[in-house]
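Data block below; observations after.
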Amino acid sequence: MSRAFNFLLGLSLTISVLFLGLPIVAIFTRTAPGELIQQLGTEVAVDALLLSFKTSTIALGVILFVGTPAAYYLATRRFPGRNVVITVLELPLVLPPAVAGVGLLAALGTRGLLGGTLEVLGVRLPFTQAAVVVAVTFVASPFYLRQAIASFEAVDKNLLDAARTLGASPARTFIRVSIPLAATGLAAGATLAWARGLGEFGATILFAGSLQGVTQTAPLAIYDAFSVDVRTAQALGAVLILTSLGVLLTAKALTSWKHSKPKFAYRFGRSTST
């Protein structure tokens, strides 16, 4: 009975690995490495990759700047409606990408809720490169916020109280104590958010369009190239796979290091190992 159960477990694992890994491996086996590199030299591929890395990095900067204090507030305070606020922040995780794009158009489009206000200010977002950044920020920010909230909640509250007792202001405590102690988790969340932004498709194509060199990111270029030149689509796919793999391994390494590093007794302004 035990052998049969172990066989069933092993079979399930084998099916899972084959099902999830085979399509990824196939991209690299169907096209020779030299041909992949050659296809990456095309104007379409270069423009798409540069735009993807650029917009994802800008979006990550926005996410870190706004999301870090927001996550800290949610992690350190309890107030009526807190769970509702967290649910709203997490909702883009489960929204269909097309719905995210329609929502951005409904809110920020020319005829959207804020469209008139933006036009008065001279801002027109849809189908611009700024729209790509907005779409990426919308879909990627929950990945960082979830991790950031958990990381700040894991910080020993006694250390925060000690910093305040020693005369540190709330802002100084946040910058000098909370962020350094939660830094590993924040970095892991940031890498996942950046990778999610790099692969964004649905919200981007609806809100920003797919104009080469302007709004066409790598996922959009893959979609366009698939019906014209499958080799270019495979080359771009290979780059995104390798990039995503690197990001995933980085996030895992950061998480492992966080769990294995020695604990520190923190004194305001410096830390000493116990």
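The values are calculated or read from the model by the stated rules, or taken from the named source; none is laboratory data. Quantities reported herein were computed from a predicted structural model and do not represent experimental measurements. Neighbour counts run over all protein chains shown; Cβ positions are idealised from the backbone, glycine included.
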**Prompt:** Going by the structure shown, is residue 214 hydrophobic (A, V, I, L, M, F, W, C), surrounded by fewer than 21 Cβ atoms within 10 Å (Cβ to Cβ) and more than 22 Å from residue 20 (Cα to Cα)?
**Reply:** yes
**Request:** Collect the residues in the stretch 32-67 that are surrounded by fewer than 22 Cβ atoms within 10 Å (Cβ to Cβ) and within 21 Å of residue 178 (Cβ to Cβ), keeping them in residue-number order.
**Result:** 61, 62, 64, 65, 66
**Asked** What are the residues in the stretch 175-193 that are farther than 29 Å from residue 53 by Cβ and either out of contact with any Ser or Thr (no Cβ under 9 Å at 6 or more places or on another chain) or free of Cβ contacts under 8 Å to residues at least 12 places away in the same chain (or both), if any?
**Response** 176, 177
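From the set of residues in the stretch 113-147 that are free of Cβ contacts under 8 Å to residues at least 12 places away in the same chain and small (Gly, Ala, Ser), which is surrounded by the fewest Cβ atoms within 10 Å (Cβ to Cβ)?
122
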**Request:** Kindly check whether there is at least one residue in the stretch 57-79 that is within 27 Å of residue 228 (Cα to Cα), within 17 Å of the chain's Cα centre (by Cα) and of a type in the set (Gly, Ala, Ser).
**Result:** no
**Prompt:** Which one is modelled with the highest pLDDT, of the residues in the stretch 148-186 that are assigned to a loop (DSSP other than H, G, I, E, B) and surrounded by fewer than 19 Cβ atoms within 10 Å (Cβ to Cβ)?
**Reply:** 154
